[in-house]
Amino acid sequence: MRSDRSDFRRRKLLENATGLLLSGAVFVALFSLWEAASTYEWVDPMFSSSPTKVVLAAWELISDGTLLKHTIASGKVFLSGFAMAVAFGVPIGVALGWFKWFNKALSPLISAFYTMPRIALMPVFIIWFGLGQGSKIALVLLSAVFPLIVNMQVAMQNIDQDYKRVGIAYGASEWQLFKTIALPSSVPFLLTGLRLAMGRGLLGVVAAEVFGGAEGLGYLIQYAGATFQIDIVFVGVVVIAAFGVIIDRSLSYVSHKLDYWKIA
């Protein structure tokens, strides 16, 4: 058993090291090509910028505190909306998958909202909640909640029936089946839902701040684009991308730890 664990750890370390080397090589190649395209004017530098100019623009924004101010504003909106999405989405998805009557009652409504472009509701949110944080949080919530609902619904509907039959044979109650079989088996679906919801939530933040706002990374990108400050546009995009990568890698790490736990 101990040998199997050591072999598994070595394989995971090798896979992680290989992945880092490959991703690093891809980034270096892309940024080198981008820098060369701008330096030798293969494309118009006014509309494409370059990695060097983006780094200089980022340093200026960091030095005067502008980037930190907008990042904090976007972070507050995202974390508030994402937390509310988890608080609402997980229990609703579990209920939809566990209770057939609840699924029949709300499934058409969930399907309608899931396919609807959420940005179309932004004017309504502004009327309801004003131009402040409320309307932005509402859009992030609506953007992030449905991946969680759908994934948790699928998790409840795909429980291993052999486990369920064994539990019933031993006289387990509905609550015991739910607590000891359904919830543990739903963890991989929950992590997948969180990763999808994170991406949707970040899109919601940017869309909300572009649509109506005076602060945040979305506003910074929109204003810089309108004034042809392409370097600053890329700074905002890179910060959002980095934020997304950090959260996604963190959730992926948790998922891998759970895989190791199941193997061990």
In segment 226-252, the residues that are more than 15 Å from the chain's Cα centre (by Cα) and of a type in the set (Gly, Ala, Ser): Ala226, Gly236
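Give, as residue ranges, the helices (runs of 4 or more DSSP H) completely inside segment 23-100 that count at least 3 residues that are closer than 21 Å to Val210 by Cβ.
Output list reads 51-63, 66-98.
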Of everything in segment 85-102, what is buried (at least 18 other Cβ atoms within 10 Å of the Cβ) and either of a type in the set (Phe, Trp, Tyr) or not assigned by TED's automatic domain parsing to the domain that holds Met198 (or both)? Give them in sequence order. Trp98
Pick from Met122, Met116, Met84: which is touching a residue at least 12 places away in the same chain (Cβ under 8 Å), among the hydrophobic types (A, V, I, L, M, F, W, C) and more than 30 Å from Pro184 (Cβ to Cβ)? Met122
Scanning segment 29-54 for residues that are over 25 Å from the mean Cα position of the chain (by Cα) and closer than 20 Å to Ala242 by Cβ gives Ala29, Ser32, Trp34, Glu35, Ser49, Ser50, Pro51, Thr52, Lys53
Test of understanding: among Val94, Val86, Val124, which residue is over 30 Å from Leu30 (Cβ atoms), of a type in the set (A, V, I, L, M, F, W, C) and touching a helix residue (DSSP H, G or I) at 6+ places or on another chain (Cβ under 6 Å)? Val94
Among the residues of segment 130-141, is there at least one that is at pLDDT below 80 and out of contact with any Gly (no Cβ under 6 Å at 6 or more places or on another chain)? yes
I need the full set of residues from segment 46-60 which are surrounded by 15 or more Cβ atoms within 10 Å (Cβ to Cβ) and over 15 Å from Gly225 (Cβ atoms), in order please. Ser50, Pro51, Lys53, Ala58
Which numbered condition Tyr170 misses (of (1) out of contact with any helix residue (DSSP H, G or I) (no Cβ under 6 Å at 6 or more places or on another chain); (2) at pLDDT 85 or above): (2)
Filter segment 103-132 down to the residues that are surrounded by fewer than 11 Cβ atoms within 10 Å (Cβ to Cβ) and of a type in the set (A, V, I, L, M, F, W, C) and list them by number. Leu109, Ala112, Ala120, Ile127
Check on Ile137, in contact (Cβ under 8 Å) with a residue 24 or more places away in the chain and over 25 Å from Ala182 (Cβ atoms): yes
Ile72 meets each of (1) touching a helix residue (DSSP H, G or I) at 6+ places or on another chain (Cβ under 9 Å); (2) loosely packed, with under 15 Cβ neighbours inside 10 Å; (3) closer than 25 Å to Gly199 by Cα with one exception, condition (1)
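The rows are residues; the columns are (1) at pLDDT 85 or above; (2) among the basic types (Lys, Arg); (3) surrounded by fewer than 17 Cβ atoms within 10 Å (Cβ to Cβ).
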position	(1), (2), (3)
Arg195	yes, yes, no
Val210	no, no, no
Val237	yes, no, yes
Lys257	no, yes, yes
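The values are calculated or read from the model by the stated rules, or taken from the named source; none is laboratory data. As the structure is a computational prediction, the values presented were derived from the model and not from experiment. Methodologically, a virtual Cβ is constructed for each residue, glycine included, from the backbone with ideal geometry; neighbour enumeration extends over all protein chains shown.
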